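Before any comments, here is the structure.
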Amino acid sequence: MTELLYYQNAYMKEFTAKVVSLDEEQQGVILDQSAMYPGGGGQPSDIGKLVNTAGDEFIVNKVVRGNIHLIDGEHLPEIGAELTGSIDWERRYKLMRVHTALHVLCGVVWHEYGASVTGGNMEPLSGRMDFEFERLQKDLVEEIIEKINATASEGHEVRTQILPREEAFQIPDLIRTKVNLLPDSIQEIRTVEIVGLDLQACGGTHLANTSEIGTIKIPKYKSKGGINKRVYIELEA
Ligand SMILES: [Zn+2]
């Protein structure tokens with residue numbers, strides 16, 4: 001089991017780790033601990049590099065399920081090797097800003113219009129979120145842009161917590177986001193709270209405060225049939 005350092009501190013850019021095992025088939029490395037996010041919940045995996053004590057560099061082009069760090073080229077570090085890892089931080093921080101902006105969007109749309117989220121996806125500086133939101137139209141989009149920017153600039157703190165499944169199931173906000181659909185095998189649920197706005201089960205990496213998001217734009221939205229609407233967001237570099 002890899003210790004997930006990004007759960008303790010989403011702002012960790014560098015870390016040390018030891019190689020626990022190799023996945024020769026996937027050209028992958030499993031570490032005792034890592035700050036690299038393996039992707040999930042619409043947030044893509046981190047990329048970065050690992051360097052051993054001899055100074056050999058191993059480029060991580062993706063981290064996949066099981067926290068397997070996939071390496072470019074043919075060479076892998078040795079089992080037991082002590083490595084220093086570094087994340088492509090510029091990219092990750094943009095993802096954290098987009099991810100947190102999507103939580104703000106989700107919270108505002110729920111509180112103001114009662115529309116619930118059905119899915120989402122993100123890239124550095126852009127993302128999209130799907131809602132069951134029948135009455136979404138152009139004039140409403142303008143209003144939403146104003147409200148999400150006003151809310152983000154209020155500087156809401158973002159808190160994460162890990163709760164036993166039963167306890168999480170008692171929280172009304174989590175039930176709304178369909179936490180009860182998580183498989184039985186998941187006994188602990190990580191919650192992300194934008195204090196005063198939004199509480200969700202989420203395993204991704206977020207900002208510490210919404211004031212770091214910057215200006216949020218909604219360049220377009222579209223109907224996905226029936227009551228389903230897709231809203232796109234963009235952030236400034
Ligand atoms: Zn999240």
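Can you compute the helix-only [θ] at 222 nm over the chain? Use -39500 (n - 2.57) per DSSP H run of at least 4 residues, normalise by all residues, nearest 500 deg cm²/dmol. Please list the in-between numbers first.
Working: 5 runs with 54 residues, N = 237.
When only DSSP H runs of four or more count, the value is -7000 deg cm²/dmol.
With all protein chains present, how much of the accessible area of region 139-237 (probe radius 1.4 Å) comes from carbon and sulfur, to the nearest whole percent? Please list the in-between numbers first.
Details: 2640 of 5270 Å².
Result for region 139-237: 50 percent of the exposed heavy-atom area is carbon or sulfur.
For region 40-165, what's the radius of gyration and Dmax over Cα atoms, in angstrom?
In order Rg, Dmax, the Cα atoms of region 40-165 give 19.5, 60 Å.
Using only protein heavy atoms and a 1.4 Å probe, report how much of residue 202 is accessible, in Å² to the nearest 10.
20 Å²
What does the charge add up to near residue 195, with Lys and Arg as +1, Asp and Glu as -1, over the other residues with Cβ less than 11 Å from its Cβ? Please list the in-between numbers first.
Values: positive: 159; negative: 154, 157, 193, 198.
Around residue 195, the surrounding residues sum to -3.
Which whole-Hz ³J(HN,Hα) couplings does region 36-44 yield from phi under the Karplus relation 6.51 cos²θ - 1.76 cosθ + 1.60, θ = phi - 60°, glycine and proline marked x?
8, 6, x, x, x, x, x, 9, x
Mind checking the dipole of the chain: about its Cα centre, +1 per Lys or Arg Cβ, -1 per Asp or Glu Cβ, Debye to the nearest 20? Please report the intermediate quantities before stating the final value.
Details: 24 positive and 36 negative charges, 181 e Å.
In debye, rounded to 20, the chain gives about 860.
Could you give the length gained by full extension between residue 82 and residue 14, i.e. 0.36 nm per residue of separation minus their alpha carbon distance, to one decimal place? Spell out each step's value before the answer.
Numbers: separation 68, 0.36 × 68 = 24.48 nm, distance 1.35 nm.
Extra length available between residue 82 and residue 14 comes to 23.1 nm.
Run the Debye formula on the Cα coordinates of region 163-237, all scatterers equal and no solvent, and tell me log10 I(q)/I(0) at q = 0.24 1/Å.
-1.09
Please provide three numbers in whole Å: the alpha-carbon extents of region 55-129 along the principal axes, with the largest listed first.
Sorted from largest, the Cα extents of region 55-129 read 54, 23, 19 Å.
At what distance in angstrom do the alpha carbon centres of region 182-212 and region 219-236 lie from each other?
First find each Cα centre; the distance between them is then 23 Å.
Which of the aspartates and glutamates could a cross-linker span from residue 18 if the Cα-Cα distance has to be under 15 Å and same-chain partners fewer than 8 positions apart are dropped?
Counting by Cα, and skipping residues close in sequence, residue 18 has these aspartates and glutamates nearby: 3, 32, 56, 57, 78, 82.
Hey, what do the phi angles of region 134-146 turn into as Karplus ³J(HN,Hα) couplings, whole Hz, using 6.51/-1.76/1.60 and θ = phi - 60°, x for Gly and Pro?
Calculated HN-Hα couplings, in order: 3, 8, 5, 9, 3, 5, 5, 4, 4, 5, 5, 4, 4 Hz.
When you have a sec, figure out the Kirkwood radius of region 115-180 from all distinct Cα pair distances and drop it here in Å to one decimal? Don't skip to the answer; put the middle values down first.
Details: mean 1/r = 0.0678 Å⁻¹.
It works out to 14.7 Å.
From the backbone phi of region 61-69, what are the Karplus-calculated ³J(HN,Hα) couplings (6.51 cos²θ - 1.76 cosθ + 1.60, θ = phi - 60°) in whole Hz, Gly and Pro given as x?
Listing the rounded values in order: 9, 5, 10, 10, 2, x, 6, 8, 8 Hz.
Across 5 Å bins from 0, what is the distribution of all Cα-Cα pair distances for region 87-237, in whole percents?
All Cα pairs, binned at 5 Å, distribute as 2, 9, 20, 22, 21, 15, 9, 3, 0 percent.
Find out how many positive minus negative residues lie around residue 88, taking Lys and Arg as positive, Asp and Glu as negative, among other residues whose Cβ is under 15 Å from that of residue 88. Write down the numbers at each step before the final one.
On the way: positive: 13, 49, 62, 91, 92, 94, 97; negative: 14, 46, 57, 72, 90, 123.
Computed value for this residue: +1.
Cross-link partners among aspartates and glutamates for residue 62, C-alpha distance below 12 Å, same-chain residues fewer than 8 apart left out?
Candidates past the 8-residue exclusion: 46, 72, 88.
The values are calculated or read from the model by the stated rules, or taken from the named source; none is laboratory data. Quantities reported herein were computed from a predicted structural model and do not represent experimental measurements. All Cβ positions, glycine included, derive from the backbone under ideal geometry; neighbour counts span all protein chains shown. All accessible areas refer to the heavy atoms of the entire protein, side chains included, with ligands and DNA or RNA removed. Shrake-Rupley method; radii C 1.70, N 1.55, O 1.52, S 1.80 Å.
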